[in-house]
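Visitor: Please find one structure pasted underneath; my questions will follow.
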Amino acid sequence: MGIRFLHTADFHLGSPLRAVESASDQLAEQLQRATHEALRQVVQVAIDEDVDFVVVAGDLYDQEARSVYANEFLVDQFARLDDVDIPCYVVHGNHDPLGAGAEKLPLPDNVHVLGTDSVETALYPNEADPEARILGQSYASQWESDSLYYHYTPPDTAIPNIGLLHTGLNPDGRRYAPCGPSDLAQKDIDYWALGHIHTPQLVDGAPAAYAGIPQGRHVGEPAAGGCLLVEVEVGTVPEIEFVPTSPIVWQEIAVDIDTAATDDGHPLRNLADAEAHLDDRMFDLRTADPATLTEGLSIPVADTDWQPDGFVCRWTLTGRGELFEALDEEATDVLANRLRNRNSGDSTFVWTESVRDQTAPPLPELDELVESDEIIGELVELTEELRDDESVRADLRAETGEVWEWRTDEEHEDIPEDRVDLDENRLDELIDRAVTQAINELAARRQNAN
């Protein structure tokens with residue numbers, strides 16, 4: 001017999017979206033309530049889809065000290081499920097460990113919180129006539145160094161077994177229930193409902209998935225957040241669909257001034273040109289098919305009428321061109337403010353969080369520089385060789401400076417706010433910028449010498 005349930009995690013209630021400077025009162029209110037609105041939508045999906053039950057894989061709250069408001073809101077949402085006889089099975093994670101204290105308000109009777117002492121089992125819909133078995137263990141404190149998965153041992157495989165686990169899925173980790181896909185695959189679990197990683201994704205090598213975060217909280221959590229609809233039968237591959245729920249979508253958009261142009265085809269030369277071009281890009285965002293916001297996911301996307309209320313964007317100007325001469329910190333601040341003023345009155349808003357300048361002055365074509373300057377040619381060739389050398393990349397990661405913080409997916413949410421996360425893609429960007437700066441310096445010296 002098969003079952004159909006909703007898998008969600010990482011609500012982080014009590015964590016408003018990062019403050020946006022100069023935001024209107026209306027936008028500030030939307031940012032404050034976005035995580036709550038996303039959870040409200042998750043519950044609505046469960047009700048509309050008439051699922052058998054809901055599982056929550058940890059981090060219901062954003063911090064150990066639960067606020068009364070967040071607790072009250074969560075109780076109200078669970079009560080909506082109780083009203084339609086949908087039970088909910090919960091484990092707590094590193095942000096909301098059970099050892100931090102009890103809820104301020106009691107949860108409804110349909111909520112089953114699995115404890116911290118050992119892996120607990122709950123039977124759906126009841127012990128007398130079970131149709132599914134849910135196994136899980138909550139964190140007792142912020143860190144969980146034990147390999148909890150090992151104790152997920154169901155007594156039989158007569159009904160679907162669902163494992164509920166908050167983990168970084170890193171067998172070498174020391175903080176978040178260390179294990180790997182092969183560890184999960186060896187257990188008699190038909191589906192592992194995972195929490196902690198904020199990007200929805202399937203797990204290679206195991207019947208497991210991360211639901212992701214229902215609402216991204218900052219530009220490091222872009223694209224659409226949501227939950228998963230899962231169908232499971234004993235001994236079969238789970239059928240999984242992603243359902244987007246986030247009212248606000250963060251975007252970090254790079255604009256290459258090498259190729260960007262005005263409506264009449266001219267390169268961007270000044271702030272007015274840049275403003276007009278970015279305004280066009282904002283219009284494209286407002287009118288884009290929402291399906292484009294879930295492209296690239298490893299999970300099939302459910303057919304829904306979801307559409308975000310708006311976007312918060314960080315624009316990063318890159319490349320080489322005449323616009324470089326018009327940009328400095330004051331200019332990018334002015335450009336950001338002018339873009340914000342263009343946003344009033346639109347049903348789907350696009351708010352500019354900031355404009356970042358990573359541009360460089362124009363240079364001859366790189367191919368010309370490589371052919372005409374032996375040193376530049378050797379530099380480019382050496383860079384390509386070093387880019388693929390993992391030992392060199394490790395040295396670069398170690399030498400990037402205190403402002404950067406190397407991360408794995410497991411560690412992403414724990415990076416201090418005064419640090420900038422460094423992953424493989426951003427390391428490639430740093431390498432590109434370093435090479436660009438070196439070529440700029442060499443080319444400038446050649447021009448001065450001539």
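Visitor: For the stretch 97-117, indicate whether the set of residues that are among the aliphatic types (A, V, I, L, M) and closer than 17 Å to I47 by Cβ is non-empty.
Guide: yes
Visitor: Working carefully through the options L293, L327, find the one that is of a type in the set (A, V, I, L, M, F, W, C) and closer than 24 Å to R217 by Cβ.
Guide: So the residue among L293, L327 that is of a type in the set (A, V, I, L, M, F, W, C) and closer than 24 Å to R217 by Cβ is L293.
Visitor: What are the residues in the stretch 95-139 that are under 25 Å from D188 (Cα atoms), open to solvent by 50 Å² or more (accessible area, probe 1.4 Å) and either in contact (Cβ under 8 Å) with a residue 40 or more places away in the chain or assigned to a loop (DSSP other than H, G, I, E, B) (or both), if any?
Guide: Result: D117, S118, P125, N126, E127, A128, D129, E131.
Visitor: Please state which one of G220, G212 is touching a residue at least 40 places away in the same chain (Cβ under 8 Å), open to solvent by less than 20 Å² (accessible area, probe 1.4 Å) and not basic (K, R).
Guide: G212
Visitor: If you don't mind, there's one more thing I want to ask. Which numbered condition in (1) touching a helix residue (DSSP H, G or I) at 6+ places or on another chain (Cβ under 8 Å); (2) modelled with pLDDT of 95 or more is the only one that A261 fails?
Guide: Single failed check for A261: (2).
Visitor: Identify the single condition in (1) farther than 25 Å from A46 by Cα; (2) in contact with a Pro (Cβ under 6 Å, 6 or more places away or on another chain); (3) not small (G, A, S) that T259 does not satisfy, given that it satisfies every other one.
Guide: T259 satisfies every listed condition except (2).
Visitor: Right, here's the next one. Every residue in the stretch 146-179 that is among the β-branched types (V, I, T) and open to solvent by less than 60 Å² (accessible area, probe 1.4 Å), please.
Guide: Those that are among the β-branched types (V, I, T) and open to solvent by less than 60 Å² (accessible area, probe 1.4 Å): I159, I162, T167.
Visitor: Follow-up question, since we're still on this one. Any residue at all in the stretch 180-201 that is open to solvent by less than 10 Å² (accessible area, probe 1.4 Å), closer than 30 Å to T318 by Cα and over 18 Å from the mean Cα position of the chain (by Cα)?
Guide: Within the stretch 180-201 (the criterion being open to solvent by less than 10 Å² (accessible area, probe 1.4 Å), closer than 30 Å to T318 by Cα and over 18 Å from the mean Cα position of the chain (by Cα)), the answer is no, since none of the residues qualifies.
Residues checked against (1) modelled with pLDDT of 95 or more; (2) part of a strand (DSSP E or B); (3) hydrophobic (A, V, I, L, M, F, W, C):
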{"residue": "L165", "(1), (2), (3)": "yes, yes, yes"}
{"residue": "G168", "(1), (2), (3)": "no, no, no"}
{"residue": "P171", "(1), (2), (3)": "no, no, no"}
{"residue": "D188", "(1), (2), (3)": "yes, no, no"}
{"residue": "W192", "(1), (2), (3)": "yes, yes, yes"}
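The values are calculated or read from the model by the stated rules, or taken from the named source; none is laboratory data. Quick caveat, the model's predicted, so the values are computed rather than measured. When we count neighbours, we look across all protein chains shown, and the Cβ atoms used for this are built from the backbone with ideal geometry, even at glycine. All accessible areas refer to the heavy atoms of the entire protein, side chains included, with ligands and DNA or RNA removed. Shrake-Rupley method; radii C 1.70, N 1.55, O 1.52, S 1.80 Å.
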